[in-house]
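*Asks:* Handing you a structure now.
None of the figures in this text is laboratory data; all of them are computed from the coordinates on show. Remember, predicted model here, so these are calculated numbers, not experimental data. Neighbour counts are summed over all protein chains in view; Cβ atoms, including those assigned to glycine, are modelled from backbone coordinates with ideal geometry.
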Amino acid sequence: MPRIPEDELERLKREVPLERLCGRYGIGLKAHGKDLIGHCPFHEDRTPSFVVSVDKNLWNCLGACGCGGDVIELVRKREKVSFRRACEILREMLGAAPAAVTYRTRVGSEHPILVDPARETRTRNSWRSSPAFTTRASSIIRRRWPTCRVADAFTRRR
């Protein structure tokens, strides 16, 4: 998978408001000076310890877990997903489609990749072209069904 460009990450961190994301996850926030404060969703606490800095669009827990971060980290921890999936969730929130993977030709033109050629070839040919598999498969088939012609398909060269 290609890396997510830095400008895309910065755009997600900048354009997704953290207080809206907290509202989506059911984290109640109240004004506390210039910041917002609420109960941390990652541990049980009686007093509010989850601090959201509206200016910086960052959050921090001052309680037991002590974790913090940006909008991407909040989605990762709350939904228990990978970094890439968290970015996709935030893109969907913004209404932006995920960027298509492109292939740059020698001429310099870019084309979208609909199917990853390396993965498709690997899956299609891995089991059929493996000599160890074909020998083992044909021997198992011949032993279990001696009159079956399927075993010939595994020993035949393609």
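*Asks:* Lys and Arg at +1, Asp and Glu at -1: add these up for the other residues within a Cβ distance under 13 Å of W59 and post the number.
*Replies:* +1
*Asks:* Pick out, in residue order, every one of the GluC sites (Glu not before Pro) in region 1-101 that is DSSP loop and has at most 14 other C-beta atoms within 10 Å; say none if there are none.
*Replies:* Of the GluC sites (Glu not before Pro), the ones in loops of region 1-101 whose Cβ has at most 14 other Cβ atoms within 10 Å are E44.
*Asks:* Separate question: For K80 and R104, FRET efficiency with R0 = 22 Å and r from the beta-carbon atoms, rounded to 0.05?
*Replies:* In this case the efficiency is close to 0.05.
*Asks:* Points 7 angstrom from Cα along the Cβ direction at E92 and H43: gap in nanometres?
*Replies:* Here the answer is 3.0 nm between the modelled labels.
*Asks:* Continuing with this model, one more query. What FRET efficiency do you get for L9 and D35 if R0 is 30 Å and r is their Cβ-Cβ distance, rounded to the nearest 0.05?
*Replies:* 0.80
*Asks:* Shape verdict for region 17-62, please, from the Cα gyration tensor: rounded (a/c under 1.5), prolate (a/b greater than b/c) or oblate.
*Replies:* oblate
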